[in-house]
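Working notes, beginning with the structure itself.
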Amino acid sequence: MKLIVGLGNPGKEYEKTRHNAGFMAIDRLADKCGVSITTSKWNALIATTRIEGQAVVLMKPLTYMNLSGQAVAQAVNFYKMDPSDVIVIHDDMDIPVGCLRIRKNGSAGGQKGMKNIIDCLGTSEIARIRVGVGHDQKGKSVPDFVLSPVAKADEEKLNTALIGARDAAYDWCFKTMDVVMNLYNIKEKKVKKPKNHWKLEQKEAE
């Protein structure tokens, strides 16, 4: 069993904000798998599916960002998972819009949802897909910045990164982490010309 978690905040007012990049990416993954993340369990919305024969749970915690670990820990305990069976998709304001950073483990890097997951599972050995949402605050506080949408000019770049996060999470279910990182880690210089193996759906609706 694998667990793929997209982080965000529930509620219409947060749907298209930077902080909900994880929700946006996992919704795209659910569409790709032909499922809807609508089952309520562990204070989260979940869906079960199979990816290349692997049983997978898709999760959107409903605890609000800072307590995301509570839902994740319940699922991990229920399925008796190892932390290596979990991957988390979340926003990262220290990464340019349109870029992805995929890591096997490490600190939360200031992302409070990821920090709570690390605290609740008692380990930093958790894979994560970090979706860049930029850092140009223009006088805004950090909460105001991450709880606002990306600029119109950046919407296409964000969509590219979200599709990449979707496909990286999909491939993680049956490929090694090193392969996934090599395929999908995108540095800033590569944003405008993604690798050809990506079938980017630029017009995909959010």
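Going through (1) on the phi < 0 side of the Ramachandran plot; (2) open to solvent by less than 70 Å² (accessible area, probe 1.4 Å); (3) part of a loop (DSSP other than H, G, I, E, B) one by one, residue 130 falls short only on (3).
Annotation for segment 76-84: at least one member residue is at pLDDT 95 or above, over 22 Å from residue 115 (Cβ atoms) and of a type in the set (Ser, Thr, Tyr). Restricted to segment 34-111, the set of strands (runs of 3 or more DSSP E) holding at least 3 residues that are open to solvent by less than 50 Å² (accessible area, probe 1.4 Å) and without any contact (Cβ under 8 Å) to a residue 12 or more places away in the chain is empty. Restricting attention to segment 11-33, the residues that are open to solvent by 40 Å² or more (accessible area, probe 1.4 Å), farther than 22 Å from residue 1 by Cβ and either at pLDDT 95 or above or in contact with a Gly (Cβ under 9 Å, 6 or more places away or on another chain) (or both) total 2.
The values are calculated or read from the model by the stated rules, or taken from the named source; none is laboratory data. Note that this is a predicted model, so its numbers are computed, not measured. Positions of Cβ are generated from backbone atoms using ideal geometry, with glycine treated the same way; all protein chains shown enter the neighbour counts. Quick note on the areas: whole protein, heavy atoms, side chains included, nothing else; ligands and nucleic acids left out. Shrake-Rupley method; radii C 1.70, N 1.55, O 1.52, S 1.80 Å.
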